[in-house]
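> My questions all concern the structure below.
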């Protein structure tokens with residue numbers, strides 16, 4: 001097969017297979033290990049809005065597992081039917097034995113308390129030990145009527161729970177970058193040209209890069225940004241690859257997908273090219 005080309009194969013989930021290559025570089029091995037970690041989720045989030053409930057899994061990426069529409073009928077029976085569907089979606093997708101550290105239930109008003117009570121009651125009735133043994137991992141967050149994951153992640157208690165997870169690290173690093181960009185702009189930059197200048201000056205403390213760039217189908221582009229990340233690490237910096245399917249990754253994508261926190265101030269870096 002010509003260099004740079006590829007074939008696509010579909011492999012069944014949970015089916016073992018051997019992948020053979022004459023020479024494995026350390027970069028490729030590292031990527032495989034990271035991909036293995038990325039397949040698990042650290043956090044489950046249930047968001048209730050005015051007429052729906054959504055179940056998310058958050059790890060290296062954010063996955064919307066289910067969206068359940070609420071009945072427009074305002075009755076106890078309709079509410080219980082709605083909660084039953086959300087409960088079933090939760091049980092189907094959330095597994096505490098597979099890495100989930102905590103569950104956040106967010107809603108306006110009292111819906112979160114009502115659903116939490118329903119969930120625990122059903123778990124007790126059905127003798128679901130995995131839920132009953134992990135009640136301490138559930139927390140509730142008050143959000144607006146148009147509540148979002150971004151609002152959930154801005155909650156300090158949630159951040160305290162996920163700070164050591166991949167998702168938590170991305171959020172924390174992006175918040176630090178945003179803070180510097182706003183209040184100490186000479187110590188932060190974004191965009192390919194500005195980041196390249198900072199790299200040449202060995203000024204990058206932390207590189208923020210979106211996974212779409214380091215996994216691009218454009219081989220030259222992929223190689224360019226992979227080499228940039230390696231160069232930053234070689235100079236003693238850190239390179240954080242953000243998932244484009246995560247809240248902070250979406251924000252980074254809006255700033256060209258590449259940014260840097262600098263070791264020392266570089267005034268007017270945009271004027272240097």
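> Given only helices, namely DSSP H runs of n ≥ 4 each adding -39500 (n - 2.57), what is the per-residue ellipticity at 222 nm of the chain, to the nearest 500 deg cm²/dmol? If you can, show how the numbers build up before the last one.
On the way: 11 runs with 116 residues, N = 273.
Helix contribution divided over all residues of the chain: -12500 deg cm²/dmol.
> Which entry is the computed P(r) over Cα pairs in 10 Å bins from 0, in percent for this structure: (1) 6, 25, 32, 21, 10, 5, 0; (2) 7, 28, 37, 22, 6, 1, 0; (3) 6, 25, 27, 22, 15, 5, 1?
(3)
> What is the order of 11, 266, fewest Cβ neighbours within 10 Å to most? Mind showing how you got there, number by number?
Numbers: 11 8, 266 19.
Starting with the residue having the fewest Cβ neighbours, the order is 11, 266.
> Still on this model: Mind checking the angle between helix 219-234 and the chain's longest principal axis? C-alpha axes, 0 to 90 degrees, to the nearest 10.
The answer is roughly 80 degrees.
> Follow-up. Please identify which residues in the range 104-148 have an amide N closer than 12 Å to a label point set 7 Å out from the Cα of residue 50, following the Cα→Cβ vector.
145-147
> For the residue pair residue 114 and residue 223, what label-to-label distance in nm results when each label sits 7 Å from Cα along the Cα-to-beta-carbon direction?
Modelled inter-label distance: 6.0 nm.
> Shifting gears a bit: Report the relative contact order of the range 132-273, percent, no decimals, based on alpha-carbon pairs under 8 angstrom and at least 6 residues apart.
About 31 percent, as a whole number.
> Taking Cα atoms, how many degrees apart are the long axis of helix 76-93 and the longest axis of the chain, rounded to 10 and kept between 0 and 90?
Taking the Cα atoms of the chain, the angle to 76-93 is about 40 degrees.
> Relative to the longest principal axis of the C-alpha atoms of the chain, give the angle of the C-alpha long axis of helix 111-125, reported between 0 and 90° and rounded to the nearest 10°.
Relative to the chain, helix 111-125 is tipped by roughly 70 degrees.
> Something else now. Among 137, 187, which comes first, then next, by fewest other beta-carbon atoms within 10 Å?
Working: 137 16, 187 19.
In order of increasing Cβ crowding within 10 Å: 137, 187.
> Can you tell me the FRET efficiency between residue 175 and residue 132 if r is taken as the Cβ-Cβ distance and R0 is 45 Å, rounded to the nearest 0.05?
Values: r = 35 Å, r/R0 = 0.78.
After rounding to 0.05, the efficiency reads 0.80.
> Additional query: Counting alpha carbon pairs within less than 8 Å and at least 6 residues apart, what relative contact order, in whole percent, applies to the range 189-273?
Over the range 189-273, the number comes to 48 percent.
> 7 Å from Cα along Cα→Cβ at both residue 10 and residue 234: what's the point-to-point distance in nm?
Here the answer is 4.2 nm between the modelled labels.
> Now for a separate question. What percent do you get for the relative contact order of the chain when only Cα pairs under 8 Å and 6+ apart count?
It comes to 17 percent, rounded to a whole number.
> With just the Cα atoms of the range 41-162, tell me how far they stretch along each of the three principal axes, in Å, largest first.
37, 34, 21
Only the coordinates and a few stated rules stand behind these numbers; no lab work does. Just so it is clear, the model here is predicted, and its values are computed rather than measured. As a convention, Cβ positions derive from the backbone with ideal geometry for all residues, glycine included, and neighbour counts pool all protein chains shown.
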